[in-house]
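Working notes, structure below.
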Amino acid sequence: MQTLDIHNLKANDIIRKCVHCGFCLATCPTYQLLGNELDSPRGRIYLIKSALENNESSADSLQHLDRCLTCRACETTCPSGVEYGHLLDIGRAAIEDKRALWQKTFRFAVRKFLTTPVLFNMVGFLFRHSSIQTPVIKPKISGKKVLLLGGCVQPTLAPNINHSVKNILTKLGYKVEETPQKQCCGAIDQHLSANDEALQKIKKNIDAWHSFEVIISSTSGCGVMVKDYGSLFDKDDVYYQKAQTVSQNTCDIAQFLADKDLSIFKTFNQTITYHSPCTMQHGQQLGGLVESILKRLGYEPSTVADAHLCCGSAGTYSIFQPKLSQQLKINKLKNLQASSPEMIVTANIGCLMHLQKGTKIPVKHWIELLGN
Ligand code: SF4
Ligand code: SF4
């Protein structure tokens, strides 16, 4: 990962690309809810610029950056290619010292709880999404080896997702190796400005994963982070090349299955709606891919109004910004339920758990539709 100076150079390059056109305001969920320029992408770019160039920042600036979901809808909209997500990480780290002690302590506790399996598993099973229904089948064919990113909270909260992915890949003839739960991708640390701890995890992961030719993620939040490893190191860094390899070899399970024959899988006769996570449609720019696979399988996912907007889950956002998160969830569920579907499906554990808290309609990972 780069030094502060290199971070500032990178930030300046990103900031210079912004032509202040304001197109991004229309698709920013926090600007839509709050109507304040400082809670928009353009306003936050201004705050980060002031913090980096003039050392002008305050607890108020931090609050506006904290309200950002990191959904990156603004990146999808921006005609100038402003890499807002990278800029936000740099800006948050630069203003972090303005944070009150109680906030630092709370964020530290949440971060450690979520990323330390021995702690998380003590109570995480109480929040389990559904009973385990899909035991893993034994491989009949040991074909090409693939690495499945198991995730740090997904195996405890919704074990059926990884079981389904493993069964599908095994039926297709792949030998699946799964990462242990302690190999967190580093996203939670990075988004909570614990950059040094994120870097330690990322380097360990790169060392453990760089020899795999195919790395599969079924959690779009982890997928977007691992695909970004390549951009975190300077070209002179010994990790640069290995990080590039890991990022290039990583794909979402939807990308992996896009060209495979899925006719061997049983599907269900249910009406569904698909919620596209921000990390899928904006972070990985894979909008429409899951929908096209679902259609190939015979499902007809209904059209969802404002599908580009975040559901309010956004990593740890629902813990630190509960009011905004709740409002975004209510808005999202209203649109997802408009067609009265029998099931809502998505592609990220965070969205899944968050949405399920607000509806009686079952919310599942789309991969579970063909996992048996
Ligand atoms: S971030 Fe992009 S869309 Fe937003 S104001 Fe700047 S150039 Fe325009
Ligand atoms: S990442 Fe999302 S919430 Fe943050 S400024 Fe961009 S559109 Fe708004």
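May I ask you to verify whether K364 is among the basic types (K, R), within 21 Å of the chain's Cα centre (by Cα) and under 24 Å from F265 (Cβ atoms)?
Values: among the basic types (K, R): yes; within 21 Å of the chain's Cα centre (by Cα): yes; under 24 Å from F265 (Cβ atoms): yes.
Yes; evaluated as a whole, the condition is true for this residue.
Run down D207, D189 and say which single residue is in contact (Cβ under 8 Å) with a residue 24 or more places away in the chain, within 20 Å of the chain's Cα centre (by Cα) and surrounded by fewer than 24 Cβ atoms within 10 Å (Cβ to Cβ). Before the answer, list the steps.
Details: D207 fails: within 20 Å of the chain's Cα centre (by Cα).
Testing whether each residue is in contact (Cβ under 8 Å) with a residue 24 or more places away in the chain, within 20 Å of the chain's Cα centre (by Cα) and surrounded by fewer than 24 Cβ atoms within 10 Å (Cβ to Cβ) leaves just D189.
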Which condition does T279 not pass, out of (1) in a helix (DSSP H, G or I); (2) surrounded by 13 or more Cβ atoms within 10 Å (Cβ to Cβ); (3) more than 16 Å from the chain's Cα centre (by Cα), if it passes all the others?
-> (3)
Considering every residue within the stretch 41-56, establish whether at least one is touching a residue at least 40 places away in the same chain (Cβ under 8 Å), touching a helix residue (DSSP H, G or I) at 6+ places or on another chain (Cβ under 9 Å), surrounded by 13 or more Cβ atoms within 10 Å (Cβ to Cβ) and not in a helix (DSSP H, G or I).
-> no
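Every residue, every condition in (1) surrounded by 21 or more Cβ atoms within 10 Å (Cβ to Cβ); (2) among the aromatic types (F, W, Y); (3) within 11 Å of ligand 2 (Cβ to nearest atom); (4) under 22 Å from G312 (Cα atoms), yes or no:
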| residue | (1), (2), (3), (4) |
| --- | --- |
| D13 | no, no, no, no |
| G35 | no, no, no, yes |
| D39 | yes, no, yes, yes |
| S58 | no, no, no, no |
| A73 | yes, no, yes, yes |
| T76 | no, no, yes, yes |
| G81 | no, no, no, no |
| A94 | yes, no, no, no |
| K98 | no, no, no, no |
Tally of residues being over 18 Å from A93 (Cβ atoms) and of a type in the set (V, I, T) across the stretch 30-57 = 1
If you go through the stretch 269-313, how many residues are over 23 Å from Y84 (Cα atoms), out of contact with any Pro (no Cβ under 6 Å at 6 or more places or on another chain) and of a type in the set (A, V, I, L, M)?
-> 6
The residue from K104, K98, K49 that alone is at pLDDT below 95, over 21 Å from the mean Cα position of the chain (by Cα), within 16 Å of ligand 1 (Cβ to nearest atom) and at negative phi is K49
Does any residue in the stretch 322-349 that is outside the structural domain of I253 (by TED's automatic domain parsing) come within less than 6 Å, Cβ to Cβ, of a residue that is crowded, with 21+ Cβ neighbours inside 10 Å and among the basic types (K, R) six or more places away or on a different chain, and which pairs are these?
-> V345/K364
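Restricting attention to the stretch 210-219, and to residues there that are crowded, with 22+ Cβ neighbours inside 10 Å and polar (S, T, N, Q), which single residue is farthest from A347 (Cα to Cα)? Break it down into steps so the answer makes sense when it comes.
First, pick out the residues of the stretch 210-219 that are crowded, with 22+ Cβ neighbours inside 10 Å: 215-219.
From what's left, polar (S, T, N, Q): 217-219.
Values: S217: 10, S218: 7, T219: 6 Å.
In this case the residue turns out to be S217.
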Could you pull out every one of the helices (runs of 4 or more DSSP H) wholly within the stretch 216-264 that has 2 or more residues that are small (G, A, S)?
-> 220-227, 240-249
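The values are calculated or read from the model by the stated rules, or taken from the named source; none is laboratory data. Keep in mind that this is a model prediction, so the values were computed, not measured. Don't worry about glycine lacking a Cβ; one is built from the backbone with ideal geometry, like all the others, and counts go over all protein chains shown.
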